[in-house]
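Chemist: The structure under discussion is supplied below as structure tokens; questions concerning it will follow.
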Amino acid sequence: MPATTPATLTARALLLDMDGTLVNSDAVVERCWRRWAVRHGLDPEQALRVVHGRQGYATMAVLLPDRPMEQNYADNRVMLAEETADLDGVVPVPGAPAFMAAIAYLPHALVTSANEPLARARMGAAGLRMPETRVTAECVGASKPDPEGFLKGAAELGFDPADCVVFEDSEAGILAGRAAGMRVVGVGPRAAAFAPDVHVRDLTSVAAEAVADTIRLTFHP
């Protein structure tokens, strides 16, 4: 469904990515990953093409496939600390504050590749409420595009995957949502290329309301 066509989806629970979906953290992500790429003799633009949506160690494994994973995990710990300390330019995605307010009493969970400290830092910097139910990097053994995080989010909320709708901005996240058997709303320009079930430019184009025991999502230009 193109973003310019009004559409609705019905769900029983919502699973929300953070970076690029609720929070615009592109500025700090690009700063940190450009530095990392230069330190390792890589093209920063190449790094930025694969960084979004994955945990850091998984991105490093793509970019440096012959490097031992132990080094990726070690570098990822450093990267997470750098990203948590750098909040300059972190802002809410347009419409995110109103959307989070609208779903405050509806079943939803945050499913992010950030760890808990980074998620709290960025949601706080963007002035957004942290969902009570969340699946962060510490909770999973595999990074997106593996569906583990979304499946855990659905299970913690007590709903079948088919009853959940995922909000995502990246290829890795959209693939993870699909692999989990869920419908996907793609948010922002990155998502448009990966054929989500619905694509919106930002969260100003989404309304959510409770209808009986379901959530009705309405999409508009």
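The values are calculated or read from the model by the stated rules, or taken from the named source; none is laboratory data. Being a predicted model, the structure only gives us computed values, none of them experimental. Because the Cβ atoms are built from the backbone with ideal geometry, glycine has one as well, and the counts that use them run over all protein chains shown. Keep in mind that these areas ignore ligands, DNA and RNA; they rest on the heavy atoms of the full protein, side chains included. Shrake-Rupley method; radii C 1.70, N 1.55, O 1.52, S 1.80 Å.
Conditions (1) touching a Ser or Thr at 6+ places or on another chain (Cβ under 9 Å); (2) modelled with pLDDT of 95 or more; (3) open to solvent by 30 Å² or more (accessible area, probe 1.4 Å), marked per residue:
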| residue | (1), (2), (3) |
| --- | --- |
| MET100 | no, yes, no |
| ALA109 | yes, yes, no |
| ALA114 | yes, no, no |
| MET123 | no, yes, no |
| GLY127 | no, yes, yes |
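Chemist: Name the single residue that is farthest from ASP213 (Cα to Cα) among those in the range 8-65 being crowded, with 23+ Cβ neighbours inside 10 Å and of a type in the set (Asp, Glu).
Modeler: Applying the filter and picking the extreme gives ASP19.
Chemist: Oh, and also: For residues that are under 20 Å from TYR105 (Cβ atoms) and either aliphatic (A, V, I, L, M) or under 12 Å from the mean Cα position of the chain (by Cα) (or both), tally how many sit in the range 122-134. If you could, list the steps in order and put the result at the bottom.
Modeler: Residues of the range 122-134 that are under 20 Å from TYR105 (Cβ atoms), as a first pass: 123, 127-134.
Right, trim to either aliphatic (A, V, I, L, M) or under 12 Å from the mean Cα position of the chain (by Cα) (or both) and you get 123, 128, 130, 134.
Selection size over the range 122-134: 4.
Chemist: While we're here: Among (1) modelled with pLDDT under 95; (2) closer than 17 Å to VAL51 by Cα; (3) of a type outside the set (A, V, I, L, M, F, W, C), which single condition is PRO221 missing?
Modeler: In the conditions (1) modelled with pLDDT under 95; (2) closer than 17 Å to VAL51 by Cα; (3) of a type outside the set (A, V, I, L, M, F, W, C), PRO221 misses (2) alone.
Chemist: Does ALA102 satisfy the criteria of being touching a Lys or Arg at 6+ places or on another chain (Cβ under 8 Å) and among the small types (Gly, Ala, Ser)?
Modeler: On the way: touching a Lys or Arg at 6+ places or on another chain (Cβ under 8 Å): no; among the small types (Gly, Ala, Ser): yes.
No, not satisfied.
Chemist: Ok, one more. Checking GLU171 against (1) within 19 Å of ASP202 (Cα to Cα); (2) open to solvent by less than 20 Å² (accessible area, probe 1.4 Å); (3) not small (Gly, Ala, Ser), only one condition comes out false. Which one?
Modeler: GLU171 satisfies every listed condition except (2).
Chemist: Are any residues in the range 182-200 over 15 Å from the mean Cα position of the chain (by Cα), of a type outside the set (Asp, Glu) and surrounded by 15 or more Cβ atoms within 10 Å (Cβ to Cβ), and if so, which ones? Please lay out each step first, then the result.
Modeler: So in the range 182-200, the residues over 15 Å from the mean Cα position of the chain (by Cα) come out as 193, 195, 197-198.
Now drop any that are not of a type outside the set (Asp, Glu), which leaves 193, 195, 198.
Selection gives VAL198 alone.
Chemist: Could you list, in sequence order, all residues of the range 66-81 that are surrounded by 14 or more Cβ atoms within 10 Å (Cβ to Cβ), under 22 Å from ALA125 (Cα atoms) and of a type in the set (D, E, K, R)?
Modeler: Of everything in the range 66-81, nothing turns out to be surrounded by 14 or more Cβ atoms within 10 Å (Cβ to Cβ), under 22 Å from ALA125 (Cα atoms) and of a type in the set (D, E, K, R).
Chemist: Give me the pairs, please: first residue somewhere in the range 122-147 and under 16 Å from PHE99 (Cβ atoms) and of a type in the set (A, V, I, L, M), second residue anywhere and open to solvent by 50 Å² or more (accessible area, probe 1.4 Å) and in a loop (DSSP other than H, G, I, E, B), beta-carbon distance under 8 Å, and either six or more positions apart or on two chains.
Modeler: Within 8 Å, the pairs are MET123/ARG129.
Chemist: Just a yes or no: is a residue in the range 205-215 touching a helix residue (DSSP H, G or I) at 6+ places or on another chain (Cβ under 9 Å), within 28 Å of ARG49 (Cα to Cα) and either outside any strand (DSSP E or B) or open to solvent by 40 Å² or more (accessible area, probe 1.4 Å) (or both)?
Modeler: Initially, the range 205-215 is screened for residues touching a helix residue (DSSP H, G or I) at 6+ places or on another chain (Cβ under 9 Å), giving 206-209, 214.
Within this subset, residues satisfying the condition of being within 28 Å of ARG49 (Cα to Cα) are 206.
Add one more test, that the residue is either outside any strand (DSSP E or B) or open to solvent by 40 Å² or more (accessible area, probe 1.4 Å) (or both), and what stays is none.
Looking through the range 205-215, none of the residues is touching a helix residue (DSSP H, G or I) at 6+ places or on another chain (Cβ under 9 Å), within 28 Å of ARG49 (Cα to Cα) and either outside any strand (DSSP E or B) or open to solvent by 40 Å² or more (accessible area, probe 1.4 Å) (or both).
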